[in-house]
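Scroll down for the structure; my scribbles are underneath it.
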């Protein structure tokens, strides 16, 4: 009996211990699982926070980079704007640029022109006004700044800046290596090929077209002539000398003037008469320039035979007689260039029409010279001369035209010498 009882008690204790052990194991496993899940979630949370922080840092960096790029772009843009406007320099600046006026390029009634250089190596031409300048010279000085200083075109000379001190008044231009066009038209020692002259004629027309039709305010030059067409190293033309130029509103077609303007021989008739003046006076002057490019000679040369003293009238006579071919031969124009030369003859005759309204716009001039616009037969631009006896020299003198092959106004002499090499 006692042995049986003892065995029964021992068996009961063993079963209870086993159950407790199992229960404890289950609880422990659950705790481990819970702890593991908690650790995994904690790790995932930390990773998410790190990723978000990294993305925020990257985003901020990207914004900073973009901001820096924008600021650099804006600064460059503002710097370019400043470069395109004339800068006011001091007297000491001018002395430094010209190395104390070491190299003189030329002189005239308006002032003396010196060669100079900016600190960055860009070559310049500095026109220094005479100290004893009169009111007209001061007006021309201000006209240069007020007109060319507002423009930027490949066929207009660029005005970099000016000096307006008590001791010095000067204008600073880009330097044009080949000087002015008149040297290549009237100097036998440095003639250009006619094909290049044709390119110069078109480039000059585009510069004038910009002044008349593409600027915010229309600019009338008043003094278009070979001496005011400058050539760069590649013989590309740039219109220069805006000392007589005027700004005018586009809606105002007429300009009030006091006294004659322009250079005799190139100035439109209305500039010397009490008639309304428009931008078409530049078209007339350009036509006279075309005649000189065509013939590579001055329009008026006293003493020539065959009525060729006044070249434009001789061109008209040949055109009217249907003999333009003789003009080509006389001017030494090759057969391959004769179509272009014939167009140039007709355009020139249209440009010098007596009535301003009959003259074409400079846009039409460019298109006709480039063969993009048909040219109808021009009418006689010299019909009004019938009241004279037919002598070109008498007509020229009556209009104030010079009979000298080397005459020029003092103001034009100064600009003709700008940028010419010694």
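If you check 164, 242, 186 for being over 19 Å from the mean Cα position of the chain (by Cα) and under 18 Å from residue 113 (Cβ atoms), only one passes: 164. Scan the stretch 204-217 for residues that are touching a strand residue (DSSP E or B) at 6+ places or on another chain (Cβ under 8 Å) and either part of a loop (DSSP other than H, G, I, E, B) or free of Cβ contacts under 8 Å to residues at least 60 places away in the same chain (or both) and report the count. Matching residues across the stretch 204-217 total 3.
Check the stretch 196-203 and report whether any residue there is assigned to a strand (DSSP E or B), assigned by TED's automatic domain parsing to the domain that holds residue 284 and on the phi < 0 side of the Ramachandran plot. The answer is no; no qualifying residue exists.
Do we find that residue 168 is in contact (Cβ under 8 Å) with a residue 40 or more places away in the chain, surrounded by fewer than 22 Cβ atoms within 10 Å (Cβ to Cβ) and either outside the structural domain of residue 232 (by TED's automatic domain parsing) or farther than 21 Å from residue 233 by Cβ (or both) in this structure? When the stated conditions are applied, residue 168 passes them.
Tell me, which residue of the stretch 265-281 that is in a loop (DSSP other than H, G, I, E, B) and either within 17 Å of residue 382 (Cα to Cα) or not assigned by TED's automatic domain parsing to the domain that holds residue 212 (or both) is modelled with the lowest pLDDT? So the residue we want is 273.
Of all residues in the stretch 83-102, those that are under 22 Å from residue 231 (Cα atoms), modelled with pLDDT of 95 or more and either within 21 Å of the chain's Cα centre (by Cα) or surrounded by fewer than 20 Cβ atoms within 10 Å (Cβ to Cβ) (or both) total 0. Looking across the stretch 218-244 at every residue that is within 14 Å of residue 153 (Cβ to Cβ) and outside any strand (DSSP E or B), the one that is modelled with the lowest pLDDT is identified as 242. For the stretch 318-342, the set of residues classified as assigned to a helix (DSSP H, G or I), under 24 Å from residue 205 (Cα atoms) and either in contact with a helix residue (DSSP H, G or I) (Cβ under 6 Å, 6 or more places away or on another chain) or in contact (Cβ under 8 Å) with a residue 40 or more places away in the chain (or both) consists of 319, 324, 327, 328, 331, 337, 338, 340, 341, 342, listed by residue number.
The values are calculated or read from the model by the stated rules, or taken from the named source; none is laboratory data. Remember, predicted model here, so these are calculated numbers, not experimental data. Positions of Cβ are backbone-derived with ideal geometry, glycine not excepted, and every protein chain shown enters the neighbour counts.
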